[in-house]
Amino acid sequence: MTRHDELLTVPQVLKELGGVSRRTFYRWRQLGRAPVCVQLPNLELRVWRSDLMAWLDTRRESR
């Protein structure tokens, strides 16, 4: 997390991922394949933008 980082809602994350469904995202979470999430006291999930970008970098195909 950086000083200028932001917390994204699940719908924002889904949009960043090109429209992945909510169901797919939660299945990835169950399988341990989703980006690291922060659970707020109201039980809503958030994802730091930097964690999402790092997670995407780990899935980059080698050339």
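Things to note:
- Residue match in region 44-63 (condition: more than 11 Å from the chain's Cα centre (by Cα) and among the aliphatic types (A, V, I, L, M)): no
- Within region 1-58, if we keep just the residues that are in a loop (DSSP other than H, G, I, E, B) and among the aliphatic types (A, V, I, L, M), the residue that is surrounded by the fewest Cβ atoms within 10 Å (Cβ to Cβ) turns out to be 43.
- The lone exception for residue 61 - which of (1) modelled with pLDDT of 95 or more; (2) not in a helix (DSSP H, G or I) it fails: (1)
The values are calculated or read from the model by the stated rules, or taken from the named source; none is laboratory data. Here the structure is a predicted model, which is why all the values come from computation and not from measurement. No Cβ is skipped: glycine too gets one built from the backbone with ideal geometry, and neighbour counts run over all protein chains shown.
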